[in-house]
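Student: Submitted below is the structure of interest, expressed as structure tokens.
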Amino acid sequence: MPFFSHKSRRRKLATQPVSDSFEQIIRQNFIYDRLLDADERQRLRGIASVLIAEKYWEACGGQSINEEVQVTIAVQAALLLLELDHDFFSDVQSILVYPGAYVQQQRDMWAQGPTSDSSSNLGEAWFRGPVILSWADAKHHGQQLGTGHNLVMHEFAHKLDMLSGYVDGTPPQRTKADYERWHTVMSSEFERLCRATQQGRQTVLRHYGATNVGEFFAVCTEAFFTNALALQNENPELYEVLRSYYGQDPAKRFESVTWHRSI
């Protein structure tokens, strides 16, 4: 497809109104949408529409692919892109969806996530390959806030990390100063989580983030969006570098509503 035609098609998808059923699915399965303002909601739907149209959605293990599956997953992935200069996760050609936890028989050296031979997995992001998700967990996490856990955001954070060509917990930054600040803060916070994990101390960040720097960034992303106030309070420098990178301030969104009462 010619470049300009491709851009025109994306623009059309991103600006046309979504269906009533699309909106209903968001209301039921993506509670975070209620924290966004009108402009953010419109842009979120536009990004999600492009992701739905451009990705190959593959049903695995008896799972079916329908509008609910596509919308629920796409809007959660789209949230990460809301203020980034992005290309709609262009390195993700396929999104594979299982009904629940699945067994991965082989491990690729570039696979990211809790995977090993014949282990039970909830999700994976493959370097220059697909994203694989458990539908039950993708839906469940989309309906929750305040947990610091979101499978879709975790796996798509890995894809942002991989844009640099490496799996090193450092997605592309805007300036040299941003890289330097990122490295300083993220290295310190990763070591802090590793110590807490070794000592068995609970933190806002899940201990799984201590596995490696790639998992650390993905776990940080989950907490940044879904448990923002707690992360800002416990890890203010970490919160600030994530706020600068994503161009979003989730803590401010949480502060603006009494979400535990009205959402």
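Student: Among the residues of the stretch 10-18, is any at pLDDT 90 or above, assigned to a helix (DSSP H, G or I), closer than 30 Å to THR147 by Cα and not aromatic (Phe, Trp, Tyr)?
Tutor: no
Student: Residues GLU191, GLU180, GLU215, GLU155: which one is surrounded by 15 or more Cβ atoms within 10 Å (Cβ to Cβ) and out of contact with any Phe, Trp or Tyr (no Cβ under 9 Å at 6 or more places or on another chain)?
Tutor: Answer to the selection: GLU155.
Student: OK, next. Please pick out the residue among GLN63, GLN28, GLN70 that is assigned to a loop (DSSP other than H, G, I, E, B), closer than 13 Å to LYS139 by Cβ and at pLDDT 95 or above.
Tutor: Only one candidate passes the filter, namely GLN63.
Student: How many of the residues making up the stretch 123-141 are in a strand (DSSP E or B), under 14 Å from VAL97 (Cβ atoms) and hydrophobic (A, V, I, L, M, F, W, C)?
Tutor: Result for the stretch 123-141: 4.
Student: Could you check how many residues of the stretch 198-217 are of a type outside the set (Lys, Arg) and within 19 Å of ASN233 (Cα to Cα)?
Tutor: Looking only at that region, the number is 8.
Residue-by-condition table, conditions (1) buried (at least 16 other Cβ atoms within 10 Å of the Cβ); (2) within 26 Å of ARG174 (Cα to Cα):
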position	(1), (2)
GLN28	no, no
ALA48	yes, yes
ILE52	yes, no
LEU79	yes, yes
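Student: Give me the pairs, please: first residue somewhere in the stretch 136-148 and among the hydrophobic types (A, V, I, L, M, F, W, C), second residue anywhere and in a helix (DSSP H, G or I) and surrounded by 15 or more Cβ atoms within 10 Å (Cβ to Cβ), beta-carbon distance under 6 Å, and either six or more positions apart or on two chains.
Tutor: Going by the 6 Å Cβ cut-off, the qualifying pairs are ALA138/ILE73; ALA138/LEU151; ALA138/VAL152; LEU145/ILE31; LEU145/THR226.
The values are calculated or read from the model by the stated rules, or taken from the named source; none is laboratory data. Predicted, not measured: the structure shown is a model, and the values here were computed from it. Glycine gets a Cβ as well: all are built from the backbone with ideal geometry, and neighbour counts include every protein chain shown.
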